[in-house]
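Everything on this sheet refers to the single structure shown next.
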Amino acid sequence: MEHITVGKKYNQGKIALVECINNAPLDSIDIKDKYFLLIILSKGRLEFEINEQKITATAPAFLCFDETENPVLISKSKAHYTCIYFHPTFLNVNMTFELLRSNSYNDIASTHDMFLLKPFINKEYVIPIIDTGVEKIETSAEYMAKELTEQRDWYWSCRGRSYFMEIIIDLERMYGLIGYGLTHQKSDNAPIIKNPKLRDAVLYIESYYGDSITLSDISANAGINHTTLTALMKEELGCTAIEYLMQYRITIAKKQLAFTDVPIKDIANMVGFKTVQHFNRIFKEITGTTPAEFRKSAVQKRKEEL
């Protein structure tokens with residue numbers, strides 16, 4: 001079976017190497033040598049066998065299968081889920097299976113801010129989803145499926161990819177939580193956040209950065225007052241909660257700018273800015289360049305180096 005999406009009215013005939021299906025049949029999965037499969041399990045329970053290993057997932061959770069084997073469904077119980085079949089080149093044309101498994105990929109990915117897809121490569125089949133992330137991930141999957149199905153304009157593939165990127169960002173963030181604590185994303189040697197209340201605050205920011213959240217929202221969800229939150233943020237992360245929110249929004253925006261052609265005003269809205277003017281100002285304050293200049297430079301650099 002080909003898991004692809006084909007352009008209809010807009011970009012007619014364009015092939016996107018992705019398919020997003022709610023509650024797709026799981027009794028004859030055929031991805032070997034073809035695709036990765038990401039299952040977002042929202043409710044219930046799923047059991048698979050792969051490589052003579054039994055894999056059990058209880059909602060909410062991601063299930064990650066690579067292209068080396070076909071998982072075999074053993075059972076499902078009251079399961080509600082979304083299946084996303086994709087070739088890594090849907091995220092970026094350079095992300096072939098061979099490159100992902102090369103010794104140099106980590107360095108390349110770091111240089112170009114590409115996705116690592118470690119849960120797939122490392123065969124970490126089940127990644128739990130933290131409670132604060134469930135709603136956002138489900139919404140991103142819903143929007144992705146809608147864009148790929150309805151294809152409402154010329155940007156249908158890019159918009160689908162942009163929502164998928166949000167899901168992959170959350171997947172990689174959840175994967176980083178397992179056994180390691182929450183790490184600040186600025187460098188590989190970043191310290192683990194020690195204070196549990198601060199972890200709650202950061203998790204809330206990273207889950208709801210696209211909404212109009214305030215300092216009061218962040219402190220309330222962390223269960224501490226403004227003063228204590230600010231002190232903890234500065235002590236462990238060197239910034240205030242609002243500064244972290246803005247930095248995280250720009251981090252996500254940079255990926256969207258580098259790997260999609262979605263209009264800048266749409267990216268601004270996606271990452272929580274009410275106006276493109278505010279987005280442009282904050283983006284330049286943090287990066288030293290405008291969103292348009294950053295997009296042009298990122299694309300050109302990738303073309304030259306890859």
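The values are calculated or read from the model by the stated rules, or taken from the named source; none is laboratory data. Here the structure is a predicted model, which means the values were calculated and not measured. For neighbour counting, all protein chains shown are included, and Cβ atoms are generated from backbone atoms with ideal geometry for every residue, glycine included.
Below are the figures for this structure:
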{"quantity": "Residue among Leu17, Leu37 that is closer than 18 Å to Leu91 by Cα, assigned by TED's automatic domain parsing to the domain that holds Arg173, touching a residue at least 60 places away in the same chain (Cβ under 8 Å) and surrounded by 13 or more Cβ atoms within 10 Å (Cβ to Cβ)", "calculated": "Leu17"}
{"quantity": "Residue within segment 248-261 that is of a type in the set (Ser, Thr, Tyr), outside any loop (DSSP other than H, G, I, E, B) and either assigned by TED's automatic domain parsing to the domain that holds Phe90 or within 26 Å of Trp156 (Cβ to Cβ) (or both) present", "calculated": "yes"}
{"quantity": "Unique residue being in a helix (DSSP H, G or I), at negative phi and surrounded by 15 or more Cβ atoms within 10 Å (Cβ to Cβ) when the list is Phe279, Phe273", "calculated": "Phe279"}
{"quantity": "Residues of segment 203-220 satisfying the condition of being crowded, with 18+ Cβ neighbours inside 10 Å, outside any loop (DSSP other than H, G, I, E, B) and not hydroxyl-bearing (Ser, Thr, Tyr)", "calculated": "Leu203, Ile205, Glu206, Ile218"}
{"quantity": "First in segment 212-223 and without any contact (Cβ under 8 Å) to a residue 60 or more places away in the chain, second anywhere and in a loop (DSSP other than H, G, I, E, B) and polar (S, T, N, Q), Cβ under 8 Å, 6 or more apart", "calculated": "Ser219/Asn225"}
{"quantity": "Residue among Asn51, Asn11, Asn23 that is out of contact with any strand residue (DSSP E or B) (no Cβ under 6 Å at 6 or more places or on another chain) and under 23 Å from Asp131 (Cα atoms)", "calculated": "Asn23"}
{"quantity": "All positions within segment 125-148 that are under 15 Å from Ile84 (Cα atoms) and either touching an Asp or Glu at 6+ places or on another chain (Cβ under 6 Å) or in a helix (DSSP H, G or I) (or both)", "calculated": "Ile137, Glu138, Thr139, Ser140, Ala141, Glu142, Tyr143, Met144, Ala145, Lys146, Glu147, Leu148"}
{"quantity": "Given (1) crowded, with 19+ Cβ neighbours inside 10 Å; (2) farther than 27 Å from Ile40 by Cα; (3) at pLDDT 95 or above, index of the condition Ile242 fails", "calculated": "(1)"}
{"quantity": "Any hit, segment 114-126, residues being surrounded by fewer than 18 Cβ atoms within 10 Å (Cβ to Cβ), closer than 30 Å to Tyr208 by Cβ and touching a Leu at 6+ places or on another chain (Cβ under 8 Å)", "calculated": "yes"}
